[in-house]
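K.L.:
The structure follows.
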Amino acid sequence: MKLNELRAAMREHGMDAIFVTDELNQRYLLEYPFTDGLLVITEKEAYMVTDFRYEEEAKKHADPAFTVVCPQVRTAFITEVLEKNGVKTVGYENRTMTVAEFDSYKERFGSFSFVPVGDTIETMRQVKTPEEVKMMQKAQDITDGAFAELLKYLTPNMTEIDVALELEYRMRKLGADGLAFDTIAVSGDASALPHGHPRMEKLHHGFLTMDFGAKYQGYCSDMTRTVVIGRADAEMRRLYETVLAAQKAGIDAICAGADCAKTDAAARDLIESAGYHGCFGHSLGHGVGLYIHEEPRLSSRAGGRTLKAGNVVTSEPGIYINGLYGCRIEDMLLVTEDGSYDFTHSPKELIEI
């Protein structure tokens, strides 16, 4: 199915073949991870060109539509494939290939014309298959489980580094391949930094914001929860409830056909009307998949772009008051025809530690 879609795009853009060199795009098409080689796809054939380290495992686990080969001389083998298939024009991944890599390919395959593929494969990746959705749900289940475990042990005597490491340990114990991104765990005035780094300091009184995610079979999850170390005063409670209401408004606005800028506005307008002008400095959310930040973007600058059923996006508004504190709440959602399905099951009521 993926190959059929890609081949249709190749025909539309006048490509007889395509070299897939980006590792995430390789994994997406092949459904198997490897880090040495490339995919060569023509109208009728598809090859995984690699070396002996991957050969046996790839033949068992990679999409059988691809022929796994380990040629002694890759350039000669690929040239033979292209010539056999009557290829004149080859697509290359200009968004991720370096100039040096491109020059090397042009030198080795100089008898063929090269054309950029742009974001052809990345666009395909935006709409998830049912199998991808299952893996992302598993990744989020692991993330939810790690948060539930952390809450049993979280105390004010822990450091921010302790919190981050505890979450990472729990995710790995629960079956994560690895981390979707570097864990954020910041407290007190540092919680006003949306992408602050955990410190070797005991948790400060006030908000503790934790942004973390697992990878499962290469697919990412993304979640943020904010708790309070100590007791929240009236203004902290008001701020938290405003963020939660904005997050729910963003979720309610997400559905197939929704304008991406309007989903952002649903949350942003609520925060602004509550008096927190200029305190929500990032976008409502972003796509998630094999990479943690993918298209589509739920941003005020994304007007005219609409969501599709099968997109996976986040809703993660926040309020950040410089030098004081900040709060963010984030869920990961599957866009459906009539709304969205929330992958995230962790509680969102205000928790005091």
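The values are calculated or read from the model by the stated rules, or taken from the named source; none is laboratory data. Bear in mind the structure is a predicted one, so any value in this text is a computation, not a measurement. Counting neighbours? That spans all protein chains shown, and the Cβs are built from the backbone with ideal geometry, glycine included. Heads up: the accessible areas ignore ligands, DNA and RNA and are worked out on the full protein's heavy atoms, side chains in. Shrake-Rupley method; radii C 1.70, N 1.55, O 1.52, S 1.80 Å.
K.L.:
Could you figure out which of (1) under 24 Å from HIS286 (Cβ atoms); (2) open to solvent by 40 Å² or more (accessible area, probe 1.4 Å); (3) not small (Gly, Ala, Ser) isn't true of ASP211?
P.N.:
Unmet condition: (2).
K.L.:
Checking HIS197 against (1) closer than 23 Å to GLU316 by Cα; (2) open to solvent by 40 Å² or more (accessible area, probe 1.4 Å); (3) assigned to a helix (DSSP H, G or I), which single condition isn't satisfied?
P.N.:
(3)
K.L.:
Scan segment 99-113 for residues that are open to solvent by less than 70 Å² (accessible area, probe 1.4 Å), farther than 12 Å from PHE19 by Cα and under 34 Å from the mean Cα position of the chain (by Cα) and jot them down.
P.N.:
Matches in segment 99-113: SER104, SER113.
K.L.:
Same structure again: Out of everything in segment 295-305 that is under 18 Å from the mean Cα position of the chain (by Cα) and closer than 14 Å to THR123 by Cα, what residue ends up being surrounded by the fewest Cβ atoms within 10 Å (Cβ to Cβ)?
P.N.:
Among residues in segment 295-305 that are under 18 Å from the mean Cα position of the chain (by Cα) and closer than 14 Å to THR123 by Cα, the one surrounded by the fewest Cβ atoms within 10 Å (Cβ to Cβ) is GLU295.
K.L.:
Check THR35, THR21, THR42 and return the single one that is polar (S, T, N, Q) and buried (at least 20 other Cβ atoms within 10 Å of the Cβ).
P.N.:
The match here is THR42.
K.L.:
Return the residue satisfying two criteria in turn: it lies in segment 114-161 and is in a loop (DSSP other than H, G, I, E, B) and within 18 Å of MET10 (Cα to Cα), and of such residues it is most open to solvent (accessible area, probe 1.4 Å).
P.N.:
Per the stated criteria, the residue is ASP119.
K.L.:
Please name all residue pairs, on different chains or six or more residues apart, with Cβ atoms under 8 Å, provided the first residue is in segment 257-268 and is over 21 Å from VAL127 (Cβ atoms) and the second residue is of a type in the set (A, V, I, L, M, F, W, C) and outside any helix (DSSP H, G or I).
P.N.:
Correct list of pairs: ALA266/LEU284; ALA267/PHE280; ALA267/LEU284; ARG268/PHE280; ARG268/LEU284.
K.L.:
Additional query: What are the residues in segment 173-183 that are under 18 Å from the mean Cα position of the chain (by Cα) and free of Cβ contacts under 8 Å to residues at least 60 places away in the same chain, if any?
P.N.:
Residues satisfying the conditions are ALA176, ASP177, GLY178, LEU179, ASP182, THR183.
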